[in-house]
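Only one structure is covered here, and it is reproduced in the block below.
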Amino acid sequence: MYEKEKQQVLDTALKLDRYGLVALSGGNVSARMEDGLVLVTPSGMIYDDMVADDVLVVDMDGSVVEGERKPSVDTEALLYILRKMPKVNAVIHTHQPYATGLGLVMDEIPCNLSTMANAVEGPCRVADYGDPGSLSMGVQAVEAIGDQLAVVLKHHGVIAVGRDMRQALFSCVYLEEAAKTVSVALSTGLPMAEMTDAEVAEAVAVFHRYGQHTLDEQDAEAAAAAASAE
């Protein structure tokens, strides 16, 4: 089942490693399919050692539908996020150091860079601590994320979400780039320049038109599909 989609999940996990957002077997990648089943990376496997068939298929109760591996220990939390956020179809969990580090000293990473506005769609809040591998991790993430596409899990890492894998990947990668830049700015001890709400909104809108298959086009296609189904 879902051979192409499993490979996409694995490719995304490998990119997280490439961009320095995880190490060894840290973090996980999950994706909701059109029939409601969910693909999730296995527990405790180094991504470079994985093949597409190591990706599990689970139902929304967490029962394994296909696969020989044990699913990520965070599966309960990931499924909670997907249930509570019906427009989200991809969830990426990382241990990216700069965003996680800022979460130890800030309640919110400010949106003062156009790329962060593009991909995260605003500031990134810091969620209260939730035990890794437990439902509380998902509960805290949902409570804190608001309308943005990423949230820092205090003392832990980051959850990034998207309507598809690409959107979630861009969110966590560009959040880390922004966190690096904010860290540099804070290290100077000087006041940090801030973007206005209007500037953030325009940067969000620009990114919806960015790329070869834009988010605006995806919205139009989804609306057309919903209309034809009625």
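The values are calculated or read from the model by the stated rules, or taken from the named source; none is laboratory data. Since this is a predicted model, take the numbers as computed values, not measurements. With ideal geometry, Cβ positions are generated from the backbone for all residues, glycine too; neighbour counts draw on all protein chains shown.
Can you tell me which residues in region 68-101 are in contact (Cβ under 8 Å) with a residue 40 or more places away in the chain and in a loop (DSSP other than H, G, I, E, B)?
Ser72, Val73, Asp74, Met85, Lys87, Val88, Asn89, His95, Gln96
Please go through region 23-43 and give me each residue that is closer than 24 Å to Pro97 by Cα, in contact (Cβ under 8 Å) with a residue 24 or more places away in the chain and surrounded by fewer than 24 Cβ atoms within 10 Å (Cβ to Cβ), ordered by number.
Ala23, Gly26, Pro42, Ser43
Taking the stated definitions as given, is Leu104 among the aliphatic types (A, V, I, L, M), crowded, with 20+ Cβ neighbours inside 10 Å, in contact (Cβ under 8 Å) with a residue 40 or more places away in the chain and not in a strand (DSSP E or B)?
No: the conditions fail for Leu104.
If I ask for residues that are farther than 21 Å from Gln212 by Cα and either in contact (Cβ under 8 Å) with a residue 40 or more places away in the chain or among the charged types (D, E, K, R) (or both), which ones from region 160-184 would you list?
Hits for region 160-184 are Ala160, Leu175, Glu176, Glu177, Ala178, Ala179, Lys180, Thr181, Val182, Ser183.
Testing Ala226 on (1) among the aliphatic types (A, V, I, L, M); (2) under 23 Å from the mean Cα position of the chain (by Cα); (3) modelled with pLDDT under 95, one condition comes back false. Which one is that?
That leaves (2) as the condition not met.
Got a sec? Which of Tyr98, Tyr80 is more than 23 Å from Leu39 (Cα to Cα), modelled with pLDDT of 95 or more and among the hydroxyl-bearing types (Ser, Thr, Tyr)?
Result: Tyr98 is the single residue among Tyr98, Tyr80 that is more than 23 Å from Leu39 (Cα to Cα), modelled with pLDDT of 95 or more and among the hydroxyl-bearing types (Ser, Thr, Tyr).
When the residues of region 107-126 are narrowed to those that are in a loop (DSSP other than H, G, I, E, B) and without any contact (Cβ under 8 Å) to a residue 60 or more places away in the chain, which ends up surrounded by the most Cβ atoms within 10 Å (Cβ to Cβ)?
Among residues in region 107-126 that are in a loop (DSSP other than H, G, I, E, B) and without any contact (Cβ under 8 Å) to a residue 60 or more places away in the chain, the one surrounded by the most Cβ atoms within 10 Å (Cβ to Cβ) is Pro123.
Can you find a residue in region 146-167 that is among the polar types (S, T, N, Q), more than 17 Å from Thr41 (Cα to Cα), at pLDDT 95 or above and touching a Ser or Thr at 6+ places or on another chain (Cβ under 9 Å)?
So far as region 146-167 goes, yes, one or more of its residues are among the polar types (S, T, N, Q), more than 17 Å from Thr41 (Cα to Cα), at pLDDT 95 or above and touching a Ser or Thr at 6+ places or on another chain (Cβ under 9 Å).
Starting from residues that are assigned to a helix (DSSP H, G or I), small (Gly, Ala, Ser) and in contact (Cβ under 8 Å) with a residue 60 or more places away in the chain, keep the ones in region 127-158 and report whichever is surrounded by the most Cβ atoms within 10 Å (Cβ to Cβ).
In this case the residue turns out to be Ala141.
Which residues, taken from region 1-18, are surrounded by 16 or more Cβ atoms within 10 Å (Cβ to Cβ) and closer than 30 Å to Lys180 by Cα?
Gln8, Val9, Leu10, Thr12, Ala13, Lys15, Leu16, Asp17
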